[in-house]
Amino acid sequence: MFQTATKEPKVLIAFYSRSGVTEALADAVAEGARADGAEVRLRRARELVPAEVMAKAPGWREAAEAMNAKYEAPTEADAEWADAIVFGTPTRFGSVSSELKAYIDGLGGLWAQGRLNGKAGSVFGSTSTPHGGNESTLISMYNPMAHLGLVIVPLGYADPAMYKAGTPYGASAVSFNQAKPPTDDDREVARFQGRRVAFVARALKAARITDTKQGQADQVGASQS
């Protein structure tokens, strides 16, 4: 749908998921990005609490171990590698989970060097209840993306899927306190998000390459004048 001849973009999807709902959205975002030709890395942020705390929530430790076996933890190197970074999180009191926030906070070194400037950035999330904070969580994640220098990619209503599910800020799902998987409509919005992010990342990447070549040409011209 969105493909061009420009070299394909690299997309990092860094997410946290406890029960698998946000993971399912991450998989759909990845599917959409790959459909548009992007190379994708899926990474799951790790728990910050000890095992005895996890044991108090039935199934938490087992689910975490299963997902950690499937996904590496996100690193600074992943963020530097990517042309686009998509963050995904369940809502925690109307804001980002501490697990994903810890990863974002750990990008301070790249921020200080300006290494993330100009990359595409986008977000998706999930809640347990219909009014549990999906939109407030997604909007709150725009703040650190702006500080990191990412070019924020919202969804708007640029695809018919947006009139059935999701938010203009990013894909979302509601699990109704039962770890209910995202609906087909939720996944379609997430796939659209993946395609849209890949498209924008490709355009930004092409612009950076063009700008670099122009800068080099200007330097050569200046040295010969």
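Candidates are the residues of the range 96-113 that are part of a helix (DSSP H, G or I) and among the aliphatic types (A, V, I, L, M); the one that is surrounded by the fewest Cβ atoms within 10 Å (Cβ to Cβ) is Ala112. Do we find that Pro154 is loosely packed, with under 15 Cβ neighbours inside 10 Å and modelled with pLDDT of 95 or more in this structure? Criteria not met by Pro154.
Name the single residue, out of those in the range 131-150 being small (Gly, Ala, Ser) and surrounded by 15 or more Cβ atoms within 10 Å (Cβ to Cβ), that is farthest from Ala201 (Cα to Cα). Show your work before the answer.
Residues of the range 131-150 that are small (Gly, Ala, Ser), as a first pass: 132-133, 136, 140, 146, 149.
After this cut, where a residue has to be surrounded by 15 or more Cβ atoms within 10 Å (Cβ to Cβ) as well, the list is 132-133, 136, 140, 149.
Working: Gly132: 31, Gly133: 28, Ser136: 25, Ser140: 22, Gly149: 14 Å.
Checked the range 131-150; the qualifying residue farthest from Ala201 (Cα to Cα) is Gly132.
For the range 114-130, the candidate set comprises residues that are of a type outside the set (A, V, I, L, M, F, W, C) and not in a strand (DSSP E or B); within that set, the residue that is surrounded by the most Cβ atoms within 10 Å (Cβ to Cβ) is Lys119. Each residue in the range 141-196 was checked for being in contact (Cβ under 8 Å) with a residue 40 or more places away in the chain, in a helix (DSSP H, G or I) and under 17 Å from Ala120 (Cα atoms), and 11 of them qualify.
Being assigned to a loop (DSSP other than H, G, I, E, B), under 27 Å from Thr129 (Cα atoms) and under 16 Å from the mean Cα position of the chain (by Cα): is that true of Arg46 here?
Details: assigned to a loop (DSSP other than H, G, I, E, B): yes; under 27 Å from Thr129 (Cα atoms): yes; under 16 Å from the mean Cα position of the chain (by Cα): yes.
Yes: the conditions hold for Arg46.
The values are calculated or read from the model by the stated rules, or taken from the named source; none is laboratory data. Just so you know, these numbers come straight off a predicted model, no measurement behind them. Cβ atoms come from the backbone with ideal geometry, glycine included; neighbour counts cover every protein chain shown.
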